[in-house]
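Can you read through this structure? Questions will come right after.
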Amino acid sequence: MARKISFLLALSFPILLSAQYYPSKTDWERKAPGELNISEDAVNDAIQFALDNEYSGPKDLRLAILEGFSREPYHKLQGPTKKRGGPAGMILKNGYVIAEWGDIKRVDMTFSVTKSYLSTTAGLALDDGLIGSVKDKVDQYVWDGTFEGNHNSKITWEHLLQQTSDWSGALFGLYDWADRPSREGDFDKWRYRELKEPGTSYKYNDVRVNVLSYSLLNVWRRPLPQVLKERIMDPIGASTTWRWYGYEDTWMNIDGQKMQVVSGGGHHGGGVFISTEDHARFGLLFSRKGKWNERQLISEKWTDMIQTPASAYESYGYMWWLNKGPRSWDELPDHLFYAAGFGGNFIVIDQEKDLVIVTRWLEPSKIGELVSKVYEGL
């Protein structure tokens with residue numbers, strides 16, 4: 001009998017060793033950094049740094065948006081906005097909260113961090129077989145003219161995800177060329193520019209991101225916020241307070257029902273409005289390669305694919321930033337990846353160390369320093 005018990009213990013011991021902590025919907029365990037062999041002084045220094053380097057733009061985000069994009073032709077607010085709070089953030093190690101600052105339950109705009117949520121709905125579509133491959137041309141799925149023409153018909157899902165499509169046209173009255181135009185030239189030069197072969201040139205462009213959202217809505221035939229809620233946010237225990245908005249006129253009829261094309265950021269207002277705490281849960285899911293407790297919510301394959309550098313710009317993956325190429329942070333691991341948004345909103349992920357850093361309203365140029373301060377304590 002004793003020999004049998006020893007054998008059973010031997011079988012169960014590796015399982016106990018591999019168990020990972022996940023917060024429940026209502027409880028999230030806190031640990032002092034020292035309990036996980038992390039320098040408390042380094043963590044406190046990082047927190048103080050975040051508090052001392054608040055984003056310098058207006059707290060009235062209507063003004064911040066209009067000022068930030070004032071040189072764009074026809075730019076205006078078309079979706080909801082919200083006055084922001086002060087600096088806030090969380091640091092997770094092995095799933096435990098080892099640091100937090102500010103109001104982590106406050107719901108705020110998160111701007112282009114939304115793109116990483118949008119990317120997730122693309123990954124779920126791939127997992128479900130709604131999209132066969134990211135190499136597929138999008139006009140095989142969206143046949144209404146959005147991808148007509150010699151240029152646009154070459155665009156694949158990967159081109160849209162990596163912002164290398166150079167899609168040309170207008171979506172809901174917004175022109176691709178009017179989004180972040182070159183500092184040189186004028187309307188005619190911008191409007192009649194030479195198109196770049198899809199995949200050969202990177203440009204951050206919210207109109208094209210919204211084309212991806214539009215295309216995914218055509219594939220899912222369900223509002224993307226519902227897909228995200230049911231497949232990701234509810235299973236990870238996110239609150240009921242987050243919202244995902246489009247613009248006033250971005251509605252379409254699918255199967256006799258009006259559905260909104262949600263935006264991939266807050267460029268004209270809209271995007272995901274969410275708390276720091278819900279961001280942290282989302283970050284933990286990707287730190288754990290798509291797994292939450294015993295459920296694989298999104299495939300591990302997808303969590304690898306999002307880290308595929310664009311051939312035209314090594315710093316960008318599938319709507320996640322990579323710590324590679326021209327935007328890499330000095331002396332920090334190149335396997336880091338992160339979501340980033342206007343006004344200093346970030347979710348930084350290190351899968352190897354099971355580390356997540358969420359920070360809100362940090363002066364954007366200071367993010368590398370903040371992350372470095374955390375790593376000094378590891």
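The values are calculated or read from the model by the stated rules, or taken from the named source; none is laboratory data. Keep in mind that this is a model prediction, so the values were computed, not measured. Every residue, glycine among them, receives a Cβ derived from its backbone with ideal geometry; neighbour counts consider all protein chains shown. Note: accessible area is taken over every heavy atom of the protein model, side chains too, but ligands, DNA and RNA are not part of it. Shrake-Rupley method; radii C 1.70, N 1.55, O 1.52, S 1.80 Å.
Within the set of pairs 6 or more residues apart or between chains, which connect a residue that is more than 17 Å from Leu77 (Cα to Cα) inside segment 242-264 to a residue that is in a loop (DSSP other than H, G, I, E, B) and open to solvent by 80 Å² or more (accessible area, probe 1.4 Å) with Cβ atoms less than 7 Å apart?
Hits for this filter: Ile254/Arg221; Asp255/Arg221.
Hey, among the residues in segment 128-155 that are in a loop (DSSP other than H, G, I, E, B) and crowded, with 17+ Cβ neighbours inside 10 Å, which one's nearest to the chain's Cα centre (by Cα)? Let's see the steps before the verdict.
Restricting attention to segment 128-155, the residues satisfying the condition of being in a loop (DSSP other than H, G, I, E, B) are 128-136, 141-151, 155.
Of the ones still in play, those that are also crowded, with 17+ Cβ neighbours inside 10 Å are 131, 134, 141-142, 146-147, 151, 155.
On the way: Ile131: 20, Val134: 18, Tyr141: 24, Val142: 24, Thr146: 25, Phe147: 25, His151: 28, Ile155: 22 Å.
The qualifying residue nearest to the chain's Cα centre (by Cα) is Val134.
Residues being closer than 17 Å to Lys373 by Cβ, of a type outside the set (A, V, I, L, M) and open to solvent by less than 10 Å² (accessible area, probe 1.4 Å): count how many of those fall in segment 339-353.
2
On to the next question. Show the residue pairs that are 6+ apart or on different chains and have beta-carbon atoms under 6 Å apart, the first residue being within segment 133-158 and closer than 14 Å to Leu195 by Cβ, the second being in a helix (DSSP H, G or I).
Sorted first by the residue in segment 133-158, then by its partner, the pairs are Phe147/Val138; Phe147/Asp139; Phe147/Ser153; Ser153/Asp139; Ile155/Val138.
Could you say which residue among Ile232, Ile274 is within 22 Å of Lys25 (Cα to Cα), in contact with a Leu (Cβ under 7 Å, 6 or more places away or on another chain) and in contact (Cβ under 8 Å) with a residue 40 or more places away in the chain? Walk me through how you get there before you give the answer.
On the way: Ile274 fails: in contact with a Leu (Cβ under 7 Å, 6 or more places away or on another chain).
Going through Ile232, Ile274 in turn, just one is within 22 Å of Lys25 (Cα to Cα), in contact with a Leu (Cβ under 7 Å, 6 or more places away or on another chain) and in contact (Cβ under 8 Å) with a residue 40 or more places away in the chain: Ile232.
Here's something else I'd like to know. Just checking, how many residues over segment 176-224 are out of contact with any His (no Cβ under 8 Å at 6 or more places or on another chain), in contact (Cβ under 8 Å) with a residue 40 or more places away in the chain, in a loop (DSSP other than H, G, I, E, B) and not basic (Lys, Arg)?
Residues flagged as out of contact with any His (no Cβ under 8 Å at 6 or more places or on another chain), in contact (Cβ under 8 Å) with a residue 40 or more places away in the chain, in a loop (DSSP other than H, G, I, E, B) and not basic (Lys, Arg) within segment 176-224 amount to 7.
Only one of (1) open to solvent by less than 30 Å² (accessible area, probe 1.4 Å); (2) in contact with a strand residue (DSSP E or B) (Cβ under 6 Å, 6 or more places away or on another chain) fails for Gly317. Which number is that?
(2)
Taking segment 186-222 as the search range and keeping residues that are open to solvent by 30 Å² or more (accessible area, probe 1.4 Å) and under 19 Å from the mean Cα position of the chain (by Cα), which one is nearest to His75 (Cα to Cα)?
In the first step, residues of segment 186-222 are kept if they are open to solvent by 30 Å² or more (accessible area, probe 1.4 Å); the result is 186-197, 200-204, 218, 221-222.
Subsequent filtering for residues that are under 19 Å from the mean Cα position of the chain (by Cα) retains 202-204.
On the way: Tyr202: 22, Lys203: 18, Tyr204: 16 Å.
Going through the qualifying residues, I end up with Tyr204.
When Leu378 is evaluated against the numbered criteria (1) closer than 24 Å to Gly68 by Cα; (2) surrounded by fewer than 20 Cβ atoms within 10 Å (Cβ to Cβ), which criterion, by number, is the only one it fails?
Here Leu378 meets the rest and fails (1).
Scan segment 299-313 for residues that are more than 27 Å from Lys196 (Cα to Cα), surrounded by fewer than 16 Cβ atoms within 10 Å (Cβ to Cβ) and more than 16 Å from the chain's Cα centre (by Cα) and jot them down. Talk me through it step by step, then tell me what you get.
First, the residues of segment 299-313 that are more than 27 Å from Lys196 (Cα to Cα): 299-304.
If we keep only those that are surrounded by fewer than 16 Cβ atoms within 10 Å (Cβ to Cβ) too, we end up with 300-301, 304.
Once the filter is applied, which keeps residues that are more than 27 Å from Lys196 (Cα to Cα), surrounded by fewer than 16 Cβ atoms within 10 Å (Cβ to Cβ) and more than 16 Å from the chain's Cα centre (by Cα), segment 299-313 yields Glu300, Lys301.
Based on what the data block shows, is Asp255 out of contact with any Pro (no Cβ under 9 Å at 6 or more places or on another chain), farther than 30 Å from Ala178 by Cβ and open to solvent by 40 Å² or more (accessible area, probe 1.4 Å)? Full working, then the answer.
Details: out of contact with any Pro (no Cβ under 9 Å at 6 or more places or on another chain): yes; farther than 30 Å from Ala178 by Cβ: yes; open to solvent by 40 Å² or more (accessible area, probe 1.4 Å): yes.
Yes.
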